[in-house]
1. Might you let me know whether region A:236-254 holds any residue that is at the interface with chain B (Cβ under 8 Å from one of its Cβ atoms) and modelled with pLDDT of 85 or more?
2. Could you grab me the full set of residues in region B:289-310 that are of a type in the set (D, E) and over 26 Å from the mean Cα position of the chain (by Cα)?
3. Mind counting the residues in region B:248-277 that are closer than 22 Å to B:A119 by Cα, among the β-branched types (V, I, T) and assigned to a helix (DSSP H, G or I)?
4. Kindly establish whether B:A101 is touching a helix residue (DSSP H, G or I) at 6+ places or on another chain (Cβ under 7 Å) and over 25 Å from A:I116 (Cα atoms).
5. Looking at (1) at pLDDT 95 or above; (2) in contact with a Pro (Cβ under 8 Å, 6 or more places away or on another chain), can you tell me which one C:V126 breaks?
6. Going through C:L84, C:L93 one at a time, which residue ends up being surrounded by fewer than 24 Cβ atoms within 10 Å (Cβ to Cβ) and either within 19 Å of the chain's Cα centre (by Cα) or at pLDDT 80 or above (or both)?
7. Return the residues of region A:260-292 that are more than 10 Å from every other protein chain (Cβ to nearest Cβ), of a type outside the set (A, V, I, L, M, F, W, C) and out of contact with any Asp or Glu (no Cβ under 9 Å at 6 or more places or on another chain); say none if nothing qualifies.
8. Being of a type in the set (A, V, I, L, M) and either outside the structural domain of A:E36 (by TED's automatic domain parsing) or under 15 Å from the mean Cα position of the chain (by Cα) (or both) is the filter here, so list the residues in region A:177-202 that pass it.
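The values are calculated or read from the model by the stated rules, or taken from the named source; none is laboratory data. Everything quoted here is computed from the prediction, not taken from an experiment. Positions of Cβ are backbone-derived with ideal geometry, glycine not excepted, and every protein chain shown enters the neighbour counts.
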Amino acid sequence: MDQMTLNVRTAAVRVDRVSRRYGATRALDEVDLTLERGITGLLGPNGAGKTTLLSILATVGEPDAGRVSVFGLDPRDAAQRVEIRRRLGYLPQELGYHRHFTVAGFLDYVAILKEITDRRRRAEEVARVLAAIGLERRARTRIRALSGGMRQRLGIAQALLGQPELLILDEPTAGLDPEQRLRFRELLSDLPGDPVIVLSTHQADDIAAICPQVIVLLRGQVHFTGTPAELAATAAGRVWAAGERDDRAHLSWRGGDNRWRHIGDHPSAGAELVTPTVEDGYLLLSHAAGAR
Amino acid sequence: MTATGGGPALRGTGAATPAGGGGSGVSVRRAPRLRTVLALARVEASLLVRSVLVLAGLLAGALVTWLLVRPTEPLWWRADLEIGGGQLLLGMAVLVAAQLAAGRPRRDAVADLYASFPATAGTRTLAHLIGLAGAVPASLLLLGAAVVVVQERGAVGAPSIPVLAGCLLLVIAAGAAGIAIGTRFAHPLAGVLGALVLFTTSATTHLASGGGIWLLPWGILQGQLGSLPGPLAGYPPAGAHTAELAGLAVLAGIAALAVTVSGARARGGLAAAGILAVAVTCFAGAVQLRPIPTAELNHLVTEIADPASVQHCTTANHVRYCLYPGFGRDLSSLEAPVNGVLAYLPARPGQPLTVRQVVSLDFTDPSLTHGHPERQISRWNAQTQNAPGSAPTASAIYLPVGSWPAAGGQLADAHFDLALATAEWAVRIPPLIVNGQPCVPFDQAREAIAIWLAILATHPPAGELTDGLGGLETGRGFQGVEVRNTMVPTWNYPGAAAGPTPSGPQLTAVGYLLAKAMTGLPERKVSQVLTSAWATWLNERTTDAQLAAALGIRMPSVPLPPSLRPGSTPPPGMTIVNANQPALQNPVCAT
Amino acid sequence: MTPRSPDLSPAEGAPRAPGRLIRRTRRPRLSWLRALHLLARPISRTMPWFTLITGCLAGTVILAVLVHVAQTSRGPLDQGTVRLAFLPAVVALAFVLRTPFRPLTQATPIPAWVTPAGHILLAAPVLAVTCWAQLRIVAHTIPPHTPGHPPAVYPLIAELAGWCAVTAAAAACLDRSRYADLGGAIAAPVSLATIALAWYAPISNRFLAEPPATAHGVTIAWYAVASAASALTCVAMRDQWHRYSRNRHRPSSPERNPS
């Protein structure tokens, strides 16, 4: 039988009580989440388990416990795992490169690995992703001659090959300048086919700008899921500004206007409350998780 | 959207509820894996073709092939194996390049990314193996160029297709081994060590005995292949060796795939293929170790002991040339120096001259005779002991098969050597050997005449002839032999080993210097002097001084260094043969 | 978790005086030598011991196999076999000379060549022990009552030292080239080809092989090769700013503090 057709259930990606340990370290601790089509941001500090979770979703790593379902396919089955990979675009956090390959040569190679065997279609795909990330003039440049930002864009490009239905991007904006980050946001917004996109980042403003949904992962556990506005709202009434440092605040820093910004549970009387941002909500959550 | 976990779960007030219903259908299809493999293989092949390592291997292989082929007489039953020697270097380069390619994902830290692709590791490994086709053009180019060069040099016989096919398979097998290494060890050192092991196995075949050399069974015989008068039917067993190489290539490919494929059925198939490949390899190895058929060796012994029964003889200018079948192309090259000497002879000896090819084979070589009883081997040895060439005669010049160079400086040396042997026959210097020591025409005018005739016939470079004095003229060195308790400086011209069997007399420095002085005189004058009393000049009692006086030239003298005068000890670094050992002194050449 | 933003002002709340330069004390040029002893441990830890020892052991194992095969066939083993067996160690040396974290080490006060030079110094005794072991193995294969003297080993030792120096030079030169990421995979074949060329080319063969050269001559020639290769290694490991003179880039004197 050459083709099998399956009906999937509601969520495109479902993670049920997934756990993963590295020795004594519990990287993921019974994580439950579901992902729909659209962009989901994954926030969390270093060591929170973001990369582990993304690698499991990308079928690169496997969980110690729990189940994962991608478009109704179970990665534990070899054939279904391959099928998931056919619909997958993945940008790992640390992506090495074949430095002596040219940009186009590397993309062509990856396209073949994604089973785009028709030469014309492959060339079209390579040209399309190169144009999408603005490296079309660098097609014949060797990778070793690219700057760090260009290599990062190249990594994004290879993930876009084949118009994947599940796009997993681990810190895709690392090394990109502000203009390139804007272009990246534009790119994600214009992707055809409305794929499931998961991106992990430290940049809260990226989350705020493009992610309708955000998940906060702390110490291997999901601490928040919702919209960025909801995350910001968790800090409502708990962010204030002052001319001086307030010792009762959990976090304090001086901004560019020389005024102190504070996050805490109990603003001082008469404190000037400010509108909280996504970052404020994340920092408050992070502090709360750390204090426990 | 739901979220559960060990910690506090903040639910967004406006959390989107999951979209209802089954919705999107997903098709699970099996994409044509073969097309992926072929597409990847095409990329890998193009990378291999353009690899700087493969290019370097090609150049090194070409150089080695040239160095192996150039100095020897072009005989196809030896040359095709020499061509294989050049392919070995290309194979080593392909091994390293293939190992680097197979280890590329781990070395470049893209292993995780590759793991997320639908093309599995087994697919990629298979593509690497098929991509070895990229090494074929380089191998074929090297093979083709070598075949053309050997053929242009007038090779005897015809190239063996199984041997040349084996050369190509050697490169493929080396590449497969490189991929097998690279799938396990990504570090580049592993590939380079693998290449060294490959080199070592072929560079040390001389150490192995019959049972242990089944990888390169005729490695020892290769040294004697060039001495054969023609190819031995079915030996070396090239077909079996080619099958062995094919088996080894398949085994290496299976070893590479075994690491990367998963699934019981795939592994079962690999195991079955592996068993078959091992069986083919072992069987081919065993076939190669079979003894050479007795009939073949009997025929070879006949060719050696009684060459007249198989050789074609041609008479030209009253000289008989007897050559083995296929060597007729050497005839014109042999005639030139001989005729050159004959042209200046006032008269010829009564006994006609015969120039005959002979074979000298070591029948104690186990790779030639293994599997045969000792008695049979002894019988063969005894038969070949009386072959022509084993005992020199005055009217024959013997040319060992495989010793006549095709071109270049060595051919010039061989021409001079043959001319000198002809001249020695003409002036009746006998090829006398006593106790293993050649005779010395000590103070015999005919010696200088012979050297003069040879110089006139072939016009060798003067500097090369002077080098035969071993630094005597400049005082940098001395070489001599003892004759009648007298230290006699000798002359050993370069190229003395090229051409005829070295059974001629040991020539003296004085004889050469006198001949050199004769070349400074008008040729007509010398000819007149020689013709006027030819029989006298051929007399062994006619001295160098008499010849010099007749020609009006000063008699050359070579004073002995003080340390070599009677009673003194020679200093280190000086070559003295038979010093103070009466039993080992050289006899004087007497007709 | 109470992260606080770093507070750079010298006093809380006090604004920093604008345009204030900080005078730094100039250190002697070779002040980095004082830190050298601290580098011994990191240099030995970053040394690719496994690679080097694998190469040395591989050659010794090959030699042991050849000894066994030779004993079976009663064939001779000679210094040529030692040359063959030492090749894997030479190849491994090509992978030792590699500047780790090159962009970082080129920006530190301690010169970037210190670490690879340290690696060479650490590799030297390992190679010497390997050579000694292989010579001992070959010496044991000579029957006890063999007439005549065995050939001298000092020319062979000089030759192997020359091989190692040539390999180090090739690795150092390639570490500066576009093939730096492949490192020893290119340096090893380059050095082997150079050695083969020196051995077989007529112009060099008469100095580097006996015969025609004498044992003393061969020794001197190979040590000369080793010296030249070592000089090339030193040149190749130099700082890339060596082209510029110190006078041209001497910084201007700092302004005096007005207060």
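1. Pass one, region A:236-254, residues at the interface with chain B (Cβ under 8 Å from one of its Cβ atoms): none.
There is no residue in region A:236-254 that is at the interface with chain B (Cβ under 8 Å from one of its Cβ atoms) and modelled with pLDDT of 85 or more.
2. Taking region B:289-310 and keeping what is of a type in the set (D, E), we get B:296, B:303, B:306.
Listed by number, the list holds a single entry, B:D306.
3. Taking region B:248-277 first, the residues closer than 22 Å to B:A119 by Cα are B:252-270.
The next check asks that each one be among the β-branched types (V, I, T); those that pass are B:254, B:259-261.
From what's left, assigned to a helix (DSSP H, G or I): B:254, B:259-260.
Residues meeting the conditions: 3.
4. On the way: touching a helix residue (DSSP H, G or I) at 6+ places or on another chain (Cβ under 7 Å): yes; over 25 Å from A:I116 (Cα atoms): no.
For B:A101, the condition - touching a helix residue (DSSP H, G or I) at 6+ places or on another chain (Cβ under 7 Å) and over 25 Å from A:I116 (Cα atoms) - is not met.
5. Against the list (1) at pLDDT 95 or above; (2) in contact with a Pro (Cβ under 8 Å, 6 or more places away or on another chain), C:V126 comes up short only on (2).
6. Working: C:L93 fails: surrounded by fewer than 24 Cβ atoms within 10 Å (Cβ to Cβ).
Just one listed residue meets the conditions, C:L84.
7. Result: A:D265, A:H266, A:G270, A:E272, A:T275, A:P276, A:D280, A:Y282.
8. As a first pass, look at region A:177-202 and keep what is of a type in the set (A, V, I, L, M): A:182, A:187-188, A:191, A:196-199.
Once the filter is applied, which keeps residues that are of a type in the set (A, V, I, L, M) and either outside the structural domain of A:E36 (by TED's automatic domain parsing) or under 15 Å from the mean Cα position of the chain (by Cα) (or both), region A:177-202 yields A:L187, A:L188, A:V196, A:I197, A:V198, A:L199.
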